[in-house]
Structure formats: structure tokens, C-alpha cells
Amino acid sequence: MGSISLKLRAAKAGKQKIYLHFNYGEKKQLRYATGYGISNINSWDSTKQRVKNVAAEPRSLFINGKISSLVMFAEQLLDDFDRNQIKITNKIIKNKLDEFTNRTTARQPQKKNLLEFFEWFIDYYAINPLPKTQRPLSKNTVKPYKTALRILKEFSSKKYNVDYQDITLEFYDDYLKFLQEKKFSNNYIGNQFKLIKAIMNYALERNLHTNLDFKKKGFAKITEKVDAIYLTENELKKIAKLKIKGKMRDRARDLFLIGAYTGLRVSDFNRLTADNIKTASGGQRYIEISMQKTGKTVLIPINSAVAAILDKYGGEPPARLAEQKINEELKEIGEKAKIKSEFTIEKTVGGKKEKTTFKKHQLITNHTARRSFCTNAYLAGLSTVDIMAISGHTSEAVFLKYIKVTPKERLERLAAHSFFK
């Protein structure tokens, strides 16, 4: 994390300007003019970084109040960048400070075309809270928006220029064909339309257009139910007992298991620290964390499997690993744990139905951990309300998509309920 400080521009006699120094990253800094100054260098308290209350500076209290507010805002900004893992640049910092000091009226985008607004939306809400969620876009949410913009730009350059008035049902058909030709799956295509509809709606609220075609029923997000794997309790135990050579692979296994027994997303279980491990009055350890995607704070009991992992690392969670690296290691770990049952996935790709059969270990990813937790907890008899309180799901409809049980498994769960006794 960086630091914020106040300094005079130069140690020379005469009027001195006060600058805020925003330090971040590896020797990176933005020097920002506060707009205030003092008549003489001797009026500056370099230790407190404030103007001395002396006769030569009759506005000292006023100036100190203003620069203190600016410092507090900069400190909060630095903290937000750090917690949300937002990539910082001088341009981003300056824009935020300009908004705070009212040096710009660009809080709202000026008249921009669709692609310009799309780009502005990503840049702006990567660091500013969305009106709906009151949180900036998470790092994992920014990425699909950027991809959607890139694909739309490609269509605009290869087919025809796209602006607000062009987002019609005719565009829908043309874009659907374009995306199918790129061999995208139905769900991926559906997400492209979902993001375009979101951008069009945000632009509509800002009076940038009056086109309502994107709200018509025909302009629908394509969805397709595609089966996904989860790991059973026995399969998780196989992975836990596996003797692994190599510290990185061992760490990937342990991080994955924490996710499988807590329901945390990879963006959360991969950033746990000792500060997230709490102890209740009865001695029960639990995890407390503010979820990166939603900002919701969840409390999760630590079971024996997670406790053993924490003890293995001296009471702390394993150090983070690159998400892609964990995914790569999980395939090898699953194969060595002999998780080799066959699993067939049927989905529409490029407008055509395809069936592909895999060995189960080939499909294990970071997200399998969260899906496994939800399914295993459901099969164990926990209520959906309690599981959702841990997983952080706010919609039962979305949560139920994570439950990957067969009709027979569902029957066995129901048969064990006291109602059927």
C-alpha cells in the first residue's frame, strides 16, 4: 500500500504552493496541486504537514481544514484501490482528485457515442460505486465488460458502425450470427447481449439516447442449462489425503479445499489472511470476510478439514497463488487422486449442439470448490437459507443453479427428512 503526504513545491523564499504527494506502487507518485499556498516557507510545519497558526498566515485554519479533507479523501481512495485490487494510474488518481476538488464537471459523461460511453463506463465504474450496488465493479466483473467492448468494436469495424440507434432487433440478429460464427457457446453469447443491454440502460438513464428496442422481448439474453461438475465428500477426501510433491501444487490443493469447505469464491479464498481467522467465545474458530464481488460480510464456521490446513501453515491460510496456476494444478491433482469418472457436457456452440465427454478431473477448476460446497451442504441437510448465508448468494434462483444433484440424490435427501418418516 502507498502513502499520502503534503509538501511545499520548493524550499525557496517567498510564496510557497502546497502539493499533495500520492505515492503508490513501486516508486510511483502523482504530485497534485492543492490550490493553496503560504507566504513564506517558515510558516510551514514540516512535521505536522500543516500551516502554522501565525500572524503571517491569517487563513491558516481555513487552509488546514481544506487540505486535511483532501488528505482524508486521498487516504480513503488509496484504501479503496488496495481492497478492490484496482490497478492505479496517475490519470485515474487525478480524475478522482479533480472531482473531489470540483475542478471538473465531468462527473457525468459528455455526449458520447455507444462505444465511447461503453469505454467510459468501464473506466469510471472500476473506481466509482455503481448506483445500484454502491460499489465499484470488481476486478472479475471489469474483465467481461472489457471483452464485450472488444468484440463489439470488432463487429463495428468489420460489419457496420454501431451506435445507440443501431441497437435494434435487426442488430440482434446480425450480432447473434456474428457471435455464432466465432464459435461461441450460447451462454457466452447470452452474456454479450446482457452486457450490451446493461450499457444501453445506463446510457438511457443519462439521456444519451431514446432507443428502447433493447428492452423488447425479442432482444433476449440467450441462456442454456449446461451441466457442471461438483466433487463429492469422498472425492474431496481423496484430494486431501493425496501425497503431493512440490510446494506450489500442495498450496493449490490446500487453497482449493478451503474453498470447497467454505463456499468462498476464488477471489476470496485466495486472499485470506490471519486477520480473517476469528475465534468465538466458545472457542470455535470461524472465517470473517467481506466478499470482494458483493461487499457482503459473511461468517463461516471452520470445520476439521480447514482447521488442519490452517494448522499446517502455522494457524494462517496458505499464501495466494495466481488463479490460472491453481486451475492448472487442479487438473493434475484430480488425476493423481484418481477422479476419473466420465462426465458428458452438452452445449450449443456456434449455433450447433455439441456433446463432449471428459474425465472428471479434466473439468476441475477453482469454481468447482464453491459448487461442491453448496451441493454437499445441501445433501447433508443444511437449509438453503443457512447455505446462502455462508455462500453469500442473495438470490435463491441463482443459488439453486449451484446445486448439482441427480434426481436419485434429491430423493435420498427427501426420504431422510422427518416428514417422510
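Remark: Glu154, Glu205 ranked as Glu205, Glu154, counting other beta-carbon atoms within 10 Å and listing the fewest first. Distant-in-sequence amide contacts of Gly37, defined by a placed amide H-H separation under 5 Å and a gap of 5 or more residues or a different chain, comprise Ile18.
As a rough footprinting exposure proxy, the listed residues Ser60, Ser69 were ranked by other beta carbons within 10 Å of their own, and the order from fewest upward is Ser69, Ser60.
Span-like helix check, the chain: no full DSSP H segment qualifies, none having both a Cα axial length of 30 Å or more and a mean Kyte-Doolittle of 0.5 or more. Cβ crowding within 10 Å, taken as a proxy for footprinting-reagent exposure, orders Tyr160, Tyr19 from fewest neighbours to most as Tyr160, Tyr19. Comparing mean-square fluctuations of Ala126, Ala198, Ala380 from a GNM of the chain with C-alpha springs under 10 Å, the top value falls on Ala380. Along the charge dipole of the chain, pointing to its positive end and built from +1/-1 on Cβ of Lys, Arg, Asp and Glu, which listed residue (Ser341, Leu8, Asn64) has its Cα farthest out? After comparing all options, I get Leu8. Within the listed set Asn128, Asn95, Asn376, the Gaussian network model of the chain (springs between alpha-carbon atoms below 10 Å) gives the highest mean-square fluctuation for Asn95. Of all the options Lys347, Lys336, Lys355, the one that moves most in a Gaussian network model of the chain with Cα springs shorter than 10 angstrom is Lys355. The charge dipole of segment 133-234, taken about its Cα centre with unit charges on the Cβ atoms of Lys, Arg (+1), Asp and Glu (-1) only, comes to about 300 debye. Students often get this wrong, so try it: which of (1) 1.23; (2) 1.28; (3) 0.91 is Cα Rg over 2.2 N^0.38 Å as calculated from the structure shown? Checking each listed value against the structure points to (1). Computed over the alpha carbons of segment 268-421, Rg followed by Dmax gives 18.1, 57 Å.
The numbers here are math on the coordinates, done by the rules we state, and not lab data. All figures in this text were calculated on a predicted structure; none of them were measured in a lab. All Cβ positions, glycine included, derive from the backbone under ideal geometry; neighbour counts span all protein chains shown.
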